[in-house]
1. Applying the Karplus parametrisation 6.51 cos²θ - 1.76 cosθ + 1.60 with θ = phi - 60° to the phi angles of region 88-105, what ³J(HN,Hα) value in whole Hz is obtained for each residue in order, glycine and proline being reported as x?
2. Accessible area per residue of the chain at 1.4 Å probe, in Å²?
3. For the pair Ala348 and Thr8, what calculated FRET efficiency results from E = 1/(1 + (r/R0)^6), where r is the Cβ-Cβ distance and R0 = 41 Å, to the nearest 0.05?
4. Do any GluC sites (Glu not before Pro) in region 203-289 lie in a loop, going by DSSP, with at most 15 other beta-carbon atoms within 10 Å of their beta carbon, and if so which?
5. Which residues does a label at Ala150 reach in region 107-131, if reach means a backbone N under 15 Å from a point 7 Å past the Cα toward the Cβ?
6. By per-residue mean of other Cβ atoms within 10 Å, what is the highest-first order of 21-31, 307-317?
7. I'd like the carbon and sulfur percentage of the solvent accessible area for region 80-208, probe radius 1.4 Å, heavy atoms only, ligands and nucleic acids excluded.
8. Cβ neighbours within 10 Å, averaged per peptide: list 172-178, 260-266, 196-202 in order, most packed at the top.
Amino acid sequence: MREDGGRTLKRILVTGFSTRHVVLSARRAGFEVYAVDHFCDRDLRQNTVSCKKFEELSELPGLIREICETFLIDAIIPTSGAETLDCLPSPVLGTDPVTAGRFLDKGFVQDWFSDLGIPVPPLARPGEFPAMLKPLSGSGGWRNTVVNSADDIDAWREAFPDEPFLLQKLVQGIPASVCCVAGYGRARALAVNRQILRGEGPYRFGFAGSITPFDHPLQEEMISCAERAAAASGCQGILGIDFMVSDDEIYAIEINPRFVATLDTIEAATGMNLVKIHLDAFQGVLPDLTPAPAQYAIRRILFADRPCEVTDDLSFLSSRVADIPVPPAMFEEGNAIISVYGTGTSLAHAQEALDTTIRVVRQHIR
């Protein structure tokens with residue numbers, strides 16, 4: 001239990017499209033945890049008192065109200081898809097919906113970074129190809145695509161009708177992110193991460209994992225820009241700033257005004273508990289320094305390369321995997337199956353551990 005502004009926090013509801021990473025962190029912090037989630041995987045069910053599954057985001061408010069009324073929830077932590085919900089029945093510990101909504105608009109973010117003097121990929125001029133097409137809203141990067149002609153733009157519009165987008169010039173580099181905690185006009189960077197993208201297929205820019213720490217000559221520049229942006233954003237608690245970084249340049253890509261998908265590797269690499277740090281921020285308490293990582297941690301999401309199924313309960317691998325499917329589970333080609341981890345004192349050792357677990361997991365995918 002925890003005192004928060006005179007209130008005792010014991011029962012926390014985590015809600016959004018994917019909540020497992022925050023739920024497990026909250027459990028490790030000692031809370032009684034509940035979830036409203038799109039997946040309700042095996043390990044999420046095992047670590048919550050109650051887990052409600054939804055198909056459409058429009059179902060969220062009703063399910064949140066149901067859990068809050070049944071279990072007398074003390075606080076709600078929103079994740080992706082729930083950032084802009086308001087008028088909820090319990091106190092929300094997250095960035096306020098209006099501020100979060102602004103930063104979910106990539107057009108607003110493009111101008112906002114520029115006004116802060118933080119480099120962003122320039123907008124492409126009409127008819128300038130190739131270009132990166134991004135929907136103005138949405139997370140995870142799965143609808144981002146490179147377009148080489150007006151016909152490519154028309155094809156994307158046909159797939160996602162009435163969806164506004166922007167076009168940026170292509171910039172070369174490695175996708176990276178900085179996790180920060182912010183509050184009351186201050187911010188502290190917690191970790192620099194390399195992001196792993198799917199790399200192929202129609203969703204090749206979709207998030208597929210992370211590596212913490214990300215050793216790069218420009219990591220201090222990324223930290224400086226991220227802390228400046230996080231402090232100025234008005235966001236509260238944990239948030240992430242995404243970058244593209246080359247040997248000599250960084251470009252800010254977006255702000256995620258919610259818990260970061262890199263939480264797993266950050267906590268494994270540093271030993272921090274991000275839910276605890278998140279709650280401390282609402283009391284005006286931020287870490288004095290960016291913590292030094294104790295080891296390397298890698299998370300890799302495995303995607304189905306064909307229609308397949310998992311008929312075994314993989315909970316026996318729970319120290320090395322997450323997002324464990326409830327068997328029997330069927331997957332279409334391209335679906336996410338499970339998250340796999342590797343840790344080690346060097347990046348090579350962490351990669352070796354990851355590869356070993358991937359081989360074990362693949363034996364159970366049929």
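The values are calculated or read from the model by the stated rules, or taken from the named source; none is laboratory data. If you're wondering where the values come from, they're calculated on a predicted model, not measured in any experiment. Here the Cβ is made from the backbone with ideal geometry for all residues, glycine too, and neighbour counts use every protein chain on show. These accessible areas exclude ligands, DNA and RNA; they are computed on the full protein's heavy atoms, side chains included. Shrake-Rupley method; radii C 1.70, N 1.55, O 1.52, S 1.80 Å.
1. After applying 6.51 cos²θ - 1.76 cosθ + 1.60, I find 7, x, 9, x, 9, 9, x, 4, 4, x, 5, 5, 4, x, 4, 7, 7, 9 Hz.
2. Per residue, the chain has 44 Å² of solvent-accessible surface.
3. The pair Thr8/Ala348 has a calculated efficiency of 0.35.
4. Working: sites: Glu220, Glu221, Glu227, Glu249, Glu254, Glu267; in loops: Glu249.
Passing both the DSSP loop test and the Cβ count: Glu249.
5. 125-129
6. 21-31, 307-317
7. Details: 3180 of 6170 Å².
For region 80-208, the apolar C and S fraction of the accessible surface comes to 52 percent.
8. Details: 172-178: 20.0, 260-266: 27.7, 196-202: 13.7.
Packing order, densest peptide first, comes out as 260-266, 172-178, 196-202.
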